[in-house]
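The values are calculated or read from the model by the stated rules, or taken from the named source; none is laboratory data. Because the structure is predicted, anything quoted here is derived from the model rather than measured. Don't worry about glycine lacking a Cβ; one is built from the backbone with ideal geometry, like all the others, and counts go over all protein chains shown.
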Amino acid sequence: MNMKTKPIAILLVLFSTLLTSGGQILFKFASGKLTSFSLATFFNFHLIFGFFLYAFGAVFLVIALKYGELSILYPIYSDLSQEYISS
């Protein structure tokens, strides 16, 4: 398979990393507010919004993979995700 990675794929990966990293940060905020496991846990704003961001990030990553090679896009994804979370 001789597929070239299109620039739109790289832009989608960049956007995906922003969304998933934002979701991970919101998961961290949500975990700090949890005191016990109850029904109220599922109505935590940070947790719910974090899931939405993470899900949309996954959708954008799948779309990006349609237009590019995994061997090119995934290193960008993993490196940028690490940079966003650690800084």
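Some notes on this structure:
- If you filter segment 1-39 down to residues that are within 12 Å of the chain's Cα centre (by Cα), buried (at least 18 other Cβ atoms within 10 Å of the Cβ) and among the aliphatic types (A, V, I, L, M), you find that the one that is nearest to Ala55 (Cα to Cα) is Leu19.
- Contact annotation: residue pairs with Cβ atoms under 8 Å, 6 or more positions apart or on different chains, pairing a residue in segment 45-69 that is modelled with pLDDT under 95 with a partner that is part of a helix (DSSP H, G or I) and basic (Lys, Arg), are His46/Lys33.
- Condition met for Ser36 (among the polar types (S, T, N, Q) and in a helix (DSSP H, G or I)): no
- Hey, Leu34 in contact with a His (Cβ under 9 Å, 6 or more places away or on another chain), among the aliphatic types (A, V, I, L, M) and farther than 22 Å from Tyr74 by Cβ or not: no
- Of all residues in segment 46-87, those satisfying the criterion of being within 14 Å of the chain's Cα centre (by Cα) and polar (S, T, N, Q) are Ser78, Ser81, Gln82.
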